[in-house]
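Here's the structure, in structure tokens; my notes come after.
Any read-out appearing in this document is the output of simple, stated calculations on the displayed coordinates, not a laboratory observation. All of these numbers come straight from a predicted model, not from anything done at the bench. Please note: Cβ atoms are built from the backbone with ideal geometry, for glycine as well, and neighbour counts cover all protein chains shown.
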Amino acid sequence: MKNFKKIILIFFYSLIFFSNAIAIENKILFKVNNEIITSIDILTELKYLGTINNDLNKMPKKQAFEIAKKSLIREKIKEIELKKIFKEIIIEDKFLNNLLVNHFESDEIKSIYDFEKYFLLLDISPNLIKKKISIEVMWNQFIFNKFNQNVKINKEIIKNELLTKDKQNEYLLSEIFFTINENEILDKKTNLLEKEINDKGFSQTALIYSVSNTANKGGKLGWVKETIMSPKIKKIIKQIKINNYTKPIVLPGGFLILKIEDIRETDNDFDLNSEIDKIVIKKTNEQLNQFSNIYFNKIKKNIIINEL
């Protein structure tokens, strides 16, 4: 019942948002190189993003429009780049279906039938969502193949840190990862973001300004163990209290603001080799995400985006 009410809320919000536009016609709003984005695309993206982050449904129409636009443009840029490398953006059904069920499990989707039924209730084509997830999966695989050899992780440092502590902290974190243009000043951008966070909250600010893959989820990273963090970030995080956020942290490709939602202490009662492997995987993904952001910003400079 709770899930059904959420669907109804998203559906009616979307109808109100675009009632005038849809009543007239489906218009082409933007071109990303030769790829088009229509008013129907924006409407569908709004409904889809609303399933990921309910904060979108509370935002002013103009801001929600810009978030949907940013999300679609980012997706189109990735699609354009992938089409240079792959003949088709397609994943084997068996593998993709498992990904879809796992990805949307928080929405009480337990099977591919549940997945299709859920999005059909929202008047969103399940095939469209399959394409979205396929683009993300193939993009991540492309980034892994291109940059995996550049990932640097010292297992001995991880092992020594695990062996020297009986307990460790875990932090429930949210992030805003942002970049600055050539004509922007970091201090002014920082002041703007801090004002937006204070006025609208961290989640909505992440939706609007973050360029990370977590943006559509309001920047939510989940629980992060301190052993996974770089020494630089760990030192900064230890100085921050719950419900506070950091100043921008300089990272390859941009700047990172972290908010601590909660902290808990856990016992280091684990299989050492298994824990090392988990940390290596997470640190690898963290570095690959940085390479992904850098590469995306590089190719974006060669993309022509026109508003029609």
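With a ≥ b ≥ c taken as the square roots of the eigenvalues of the C-alpha gyration tensor of region 265-308, please select rounded if a/c is under 1.5 and otherwise prolate if a/b is larger than b/c or oblate if it is not? It is prolate, given that a/c is not under 1.5 and a/b is the larger ratio. Show log10 I(q)/I(0) for region 151-243 at q = 0.17, 0.19, 0.20, 0.22 Å⁻¹, two decimals, from a solvent-free Debye sum over equal Cα scatterers. With no solvent term, the Cα-only Debye profile gives -0.89, -1.02, -1.08, -1.18.
Amide hydrogen proximity for Leu221: with H placed 1.01 Å from N in the peptide plane, the residues at 5 or more positions away or on another chain lying under 5 Å are Leu173, Ser174, Glu175. Computed from Cα atoms, the angle from the helix 39-52 axis to the main principal axis of the chain rounds to 40 degrees.
Here Val137, Val32 are placed in order of increasing Cβ neighbour count within 10 Å, fewest first, which gives Val137, Val32. Considering the dipole of the chain built from charges on the beta carbon (Lys and Arg +1, Asp and Glu -1) around the Cα centre, which of Ile135, Asn181, Leu163 is farthest to its positive end? Looking along the dipole axis, the top candidate is Asn181.
Between 0 and 90 degrees, the angle of helix 2-24 with respect to the longest Cα principal axis of the chain falls at about 50 degrees.
Derived scalar couplings between HN and Hα for region 126-135 equal x, 5, 5, 5, 4, 5, 4, 5, 4, 4 Hz in order, rounded to whole Hz, by the Karplus curve 6.51 cos²θ - 1.76 cosθ + 1.60 (θ = phi - 60°), x for Gly and Pro.
Across region 159-168, computed HN-Hα scalar couplings (Karplus, 6.51 cos²θ - 1.76 cosθ + 1.60, θ = phi - 60°) run 4, 5, 5, 5, 6, 8, 10, 7, 9, 8 Hz from first to last residue, x flagging Gly and Pro. For region 157-300, the relative contact order comes to 34 percent (Cα pairs under 8 Å, sequence separation of at least 6).
Relative to the first principal axis of the alpha-carbon coordinates of the chain, what is the inclination of helix 272-300, with its axis defined by its Cα atoms, in degrees from 0 to 90 and to the nearest 10? On a 0 to 90 degree scale, this one is about 40.
For region 156-308, the residue among Asn297, Phe270, Leu258 whose Cα projects farthest onto the positive side of the dipole built from Cβ charges is Asn297. Residues whose amide H falls under 5 Å from that of Thr38, counting only those 5 or more places apart or on a different chain, are Leu29, with hydrogens built in the peptide plane. Summing Cβ point charges (Lys, Arg +1; Asp, Glu -1) relative to the Cα centre of the chain gives a dipole of roughly 660 debye. Over the chain, Cα pairs under 8 Å with separation of 6+ residues give a relative contact order of 22 percent.
Among the listed pairs Lys27/Lys130; Lys188/Lys220; Lys31/Lys282; Lys146/Lys301; Lys132/Lys282, a Cα-Cα separation exceeding 31 Å is found for Lys31/Lys282. Close amide H contacts of Ile263 (hydrogens built in the peptide plane, cut-off under 5 Å, sequence separation of 5 or more or a different chain): Leu172. Across all directions, the average flat footprint of the convex hull enclosing the Cα atoms of region 167-308 is 10.0 nm².
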